[in-house]
Amino acid sequence: MRHYSRRLAAFLIMILVVCSLAGCGGNSKTEKGKSREGNSSAATPVVTADPTANPTAEPTAEPTAEPTLEPTAEPTPAGLPWSQPRFIAPELTDEQKEFNSILDQIVVELADGEGMSLHFIFENPENYGVKKENNFGHVSSDNSEFIEQCKKFQQMLAGVNRDNLTDGQKVNYDRMMYEIRIGLQLSSINQDVYCGLFSSHGNIIDSISTMITEYPLFAEKDAEDLLETLDTLPDFLKEVIEEAEARYGKGGCYLDKKMVDTTVQNIEGITVKNNNPLEAAFAANLKGLGLSADKEAEYISRYKDKLDKVVFPALNDMADKLDKFYGYCSDKQFGLATLQGGKEYFEYLMQATLGTDMTAEEVFDYLVKKYEEEYNELIKVFRSNPGVLLQFPYDGYTETDANAMLDALKDYIKKNYPIIRDTEYTVSDLPEALRVPGVLAYFLTPQIDNEDRKVIRFNPNGVDDPVEFFSTLAHEGYPGHLYQDEFFFRCEGSHALNKLLSYTGYTEGWAVVAGQEAYNYILDDKDLVFLYAVNYNLTMNLVAITALGVHYKGWGEEEVAEFLGQYGYGDYAADFIDEIIADPVVFLPYTVGRFLMLDTLQELENKGYTPVEAKTAVLNIGACSFEVMWKNLGIDF
């Protein structure tokens, strides 16, 4: 979404001109913001590894509906649940130990027999009774086994008395019951209507590329395992094509031409001969093993041989076979809503992704309301301070060193967030071959049994605005993904199960809020902070609304253009549709998730929590559905 930022800047200029002509700008002036940095030295299966790059994000100027940034000096009322860090595990009763044993069994059930993705979850899975296989996994649209698994988990938990569990265990119990409920709902909807193999964000080729390039190498055995796994790629891709043929070939399954285009383009991107990203990543990862130069050269030679003789031929063969899938694309298909059962499937997908029971209509109305609030706030800012646009983008912050930025962030957040231990992490720039447009940075979630392996990757070629880069590192590092992961790992409710479940509504909602708040640390002008926020938020929110309009309400391009035209974006309807046509819900966690997280924090403040205590409560609960979080925080949303 970064390519929209300059279009929006032009749109802001248009608003400024209109406001000035109307005489609402006055002669107000704002001084350029000053850097507060001071002493800076230098200028979606159950088991997933999701190092997705996240767009930058930022907070509003006047947080009337959002939590304040400064801790209050007022005393905290006694008895506020979850308001203090839960880093000390209580002494467990036999019943509570038995519950943890059940969760251990569920972990084995979920993870056992998984392919190379398991290496992103465990360093040593055998210590957990989990068997790892050196392959890419398997592809199947048959969810009957998963539904039966959910029923089995339901029976395993049937004898648990929630009231007798610790607070952290109650959350884990609620997590599982929510997952079971969502899983069992699959049996009541048309599962054939959508298949994410060829989605444009995070499709099957993206997943393969990520697993290969980021495969952790701790010892030579890991390098050997990776080489062995590459031999299984042809069979895996054969399964992918067979599954895609079964899903798309019979009709009734949503397939847009862009989905096929993107998959073919992704194959072309990872099979280039010169400066190949797979080869570059392996060479970089291998250096961490401390091998001799000769041994390292030997591994690189063997790896390159696998690419040339196994990986590239298999991928190119798949690209050739994808040609026929263009014939399965229909002009009559325009979003999931045009297919039988499509609206119901979209709503299910939306609820499972966000972690909320809100209906699609409720989410649409909620998002439109939130968008209009921020849009109207933008108008107010320009009326009171039209000169703020002249400061955007801000050139007073010139730091570009990622480590220096993260060190500064660790210091800045101390008064606005609960303190955590001094965390180990690695920050590294991407190899040249992996520095693709749009990828600015991402965080690799650590393994269950190697929590100190926290990795942030960033793209030096993407640093066009240090202020945005600072916000992105806040999103990925402190106080975003890395900080949130580290905090909860120390909490008494932390369990291996939590690493196997994905809650992007919570995690991305938290990280976007964190990235937004970071602008306040380096910009003194609150209107400029808001302007940076709007440059991300308004566009992302409109894209998310477009997704709901197309995939649930059944909008065509004309309806999209009519809606966007209200806000000056009518001419970009095709661009917005292009972002969401192949990925119905991909933008919702960054937009709806953000608003739900902000509303949750505000509700806690309304109950008497200080801003720091509100964040502590959310962090103590840990990543989960919003429904589970609200239940355990006593929030009636």
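Structure data summary
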item	result
Mean-position separation - Cα centroids, segment 579-603 and segment 321-390, in angstrom	9 Å
K324, K306, ranked by accessible area, largest first (probe 1.4 Å)	K324, K306
Lys/Arg +1, Asp/Glu -1 at C-beta; the chain dipole; positive extreme among N376, Y503, F153	N376
For N450, residues with placed amide H under 5 Å, excluding near neighbours	E123
Burial order of peptide ranges 497-508, 145-156, 210-221 (average beta-carbon count within 10 Å, highest first)	497-508, 210-221, 145-156
Alpha-carbon centroid distance for the pair segment 182-245 / segment 117-171, whole angstrom	19 Å
Residue-span extension gain [E361 to N275] - 0.36 nm each, minus C-alpha spacing	26.2 nm
Label zone at K410, where the point sits 7 Å out along the Cα-to-Cβ direction: segment 512-553 residues whose backbone N lies under 19 Å	515, 518, 521-522
Segment 271-391 - charge dipole about Cα centre, Lys and Arg +1 at Cβ, Asp and Glu -1, debye rounded to 20	500 debye
Long-range HN-HN contacts of T426 with modeled amide H, under 5 Å	K454, V455, I456
Heavy-atom surface of the chain, accessible at 1.4 Å and reported per residue (Å²)	40 Å²
Reference-scaled alpha-carbon Rg (2.2 N^0.38 Å with N residues) for segment 183-319	1.23
Dimensions in Å of the chain - Rg and Dmax from alpha carbons	24.5, 73
Ordering of 271-281, 295-305 by packing [mean C-beta count within 10 Å, highest first]	271-281, 295-305
Accessible-area ranking of H551, H138, H481, largest first, probe 1.4 Å	H138, H481, H551
Residue pairs, from the table K321/K499; K97/K414; K131/K238; K370/K526; K304/K454; K151/K607, whose Cα atoms sit over 26 Å apart	K321/K499; K97/K414; K304/K454; K151/K607
Which of A89, I106, S141, positive extreme of dipole for segment 87-152 (C-beta unit charges)	S141
Debye, to nearest 20: dipole size of segment 264-329, +1 on Lys, Arg Cβ, -1 on Asp, Glu Cβ	100 debye
Length gained when the stretch F218-Q340 is fully extended (0.36 nm per residue, less Cα-Cα span)	39.1 nm
Signed unit charges on C-beta, dipole axis of the chain, positive-most listed residue F392, N190, Y590	F392
Given charges at beta-carbon only (K, R positive; D, E negative), |dipole| of the chain in Debye	760 debye
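The values are calculated or read from the model by the stated rules, or taken from the named source; none is laboratory data. Everything quoted here is computed from the prediction, not taken from an experiment. We place every Cβ from the backbone using ideal geometry, glycine too, and count neighbours over all the protein chains shown. Heavy atoms of the whole protein, side chains included, go into the accessibility calculation; ligands, DNA and RNA do not. Shrake-Rupley method; radii C 1.70, N 1.55, O 1.52, S 1.80 Å.
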